[in-house]
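Structure, as structure tokens:
The values are calculated or read from the model by the stated rules, or taken from the named source; none is laboratory data. This structure is a prediction, so every number in the text was calculated from the model and none was measured. Because the Cβ atoms are built from the backbone with ideal geometry, glycine has one as well, and the counts that use them run over all protein chains shown. To get the accessible areas, we keep the full protein, side chains included, count just its heavy atoms, and leave off ligands, DNA and RNA. Shrake-Rupley method; radii C 1.70, N 1.55, O 1.52, S 1.80 Å.
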Amino acid sequence: LSDPDYPAAPAAIADPPPALFVKGDSTLLNNPTIAIVGARNASTNGKRFAQEMATDLGNAGYVIMSGLARGVDGAAHLGALATGTIAGVAGGIDVVCPPKHAELQARIGETGAVVSDQAIGTQPTARHSPACNRIISGLSAGVLVVEAALKSGSLITARLALEQGREVFAVPGSPRDPGCGGTNDLVRQGAALTKTAEDILEGLERQMLRPPPAPRRPISFEPVELKAEIDPV
């Protein structure tokens, strides 16, 4: 965290990881970034949509961040291989997980970046996932959620993004599809309903145009003389 090369975006959050391990092009961590996350068992349409969004946003100048999981995450990485993608992983950057993404992880390490706050050789476990989600949201200006059930881990990333002052975008789905219950609920709670990459670009532009919060008044700790009031006679 004290290193001048530590990326600026996660350094500004309330609880930045004290150290980051990076395989690949570490300069990508300071580029404008959008995270795309979602269900591991996503539908064919959901994965296609995530890949197309990643390609469009990459062509618009954004690096695409995701978690290298099956489903939406893998599709997002594939869509952004040509323009730049970062994989946030729960274990060490040298540990392949899931095994089916061994080739994809290797390609990201060569042309993009794999990042973690876990030491080299650490095997990923469930308890590492929240820290990984925090890195994904912390490195990103906004988080897009594609297909997530009501108890999806992607909603943890969305919640962390809101706590960190990031924009949250959600792709709506059929109310009869339980795999879209989480994204529909995000929209109900105020997440930006998203159908195209332009929706995200406009949302991020509005974020940049917002005035900064007013500075807090400094608290004075100087002693103040108190005078007792006397009722008039």
Heavy-atom accessible area of Thr27, protein chains in place, probe 1.4 angstrom, given in Å² to nearest 10, is 90
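What whole-number volume per residue, in cubic angstrom, does the convex hull of the C-alpha atoms of segment 1-108 give?
Cα-based convex hull of segment 1-108, divided per residue, equals 103 Å³.
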Note, segment 182-187: 3J(HN,Hα) by Karplus (6.51, -1.76, 1.60, θ = phi - 60°), whole Hz, Gly/Pro = x, goes x, 5, 4, 5, 4, 4
Heavy-atom accessible area with a 1.4 angstrom probe orders Lys195, Lys151, Lys23, most exposed first, as Lys151, Lys195, Lys23
With 0.36 nm assigned to each residue of separation and the Cα-Cα distance removed, Ala14 to Gln189 gains 60.7 nm
Computed over the chain, the relative contact order (Cα-Cα under 8 Å, seq sep at least six) in percent reads 18
Residue by residue through segment 53-70, the couplings from Karplus 6.51 cos²θ - 1.76 cosθ + 1.60 with θ = phi - 60°, in Hz, x for Gly and Pro, are 5, 4, 5, 5, 5, x, 5, 7, x, 9, 7, 9, 10, 7, x, 6, 6, 5
In whole angstrom, largest first, the equivalent ellipsoid semi-axes that the Cα gyration tensor gives for the chain are 37, 23, 17
Phi-derived 3J(HN,Hα) across segment 34-42 with the Karplus relation (6.51, -1.76, 1.60, θ = phi - 60°), rounded Hz, x for Gly and Pro, is 10, 8, 10, 10, x, 5, 6, 9, 5
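I want the local charge near Ala11. Using Cβ-Cβ distances under 14 Å, sum +1 for each Lys or Arg and -1 for each Asp or Glu among the other residues.
Numbers: positive: Arg134; negative: Asp3, Asp5, Asp15, Asp117.
Net charge around Ala11: -3.
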Over 25 Å (Cα to Cα) among Lys47/Lys100; Lys23/Lys100; Lys47/Lys151 -> none
Output row, site Asn41, 7 Å Cα→C-beta label point, backbone N cut-off 13 Å, window segment 57-85, residues 71
If amide H atoms are modeled at 1.01 Å from N in the peptide plane, then the residues at a separation of 5 or more from Leu144, or on another chain, having amide H under 5 Å from its own are Ala35, Ile36, Val37, Phe169
Counting sequence-distant residues (5 or more places) and residues on other chains, those with an amide H built under 5 Å from that of Ala19 are none
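How high is the relative contact order of segment 87-156, given as a whole-number percent (alpha carbon pairs under 8 Å, six or more residues apart)?
On the way: 73 pairs, mean separation 26.2, N = 70.
Averaging sequence separation for qualifying contacts and normalising by length gives 37 percent for segment 87-156.
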For Asn31, placing the label point 7 angstrom along Cα-to-beta-carbon and taking segment 133-161, residues whose amide nitrogen sits under 18 Å are 136-144
Extension length gain for Leu150 and Gln123 (0.36 nm per residue less Cα distance), in nm, is 7.0 nm
With every protein chain in place, the accessible area of Val96 for a 1.4 Å probe, in Å² rounded to the nearest 10, comes to 70
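Using DSSP loop states and a limit of at most 13 other Cβ atoms within 10 Å to flag GluC sites (Glu not before Pro), what is the longest stretch of the chain containing no flagged site? Intermediate results must be reported in sequence, preceding the final value.
Details: sites that count: Glu225, Glu229.
The longest uninterrupted stretch comes out as 1-224.
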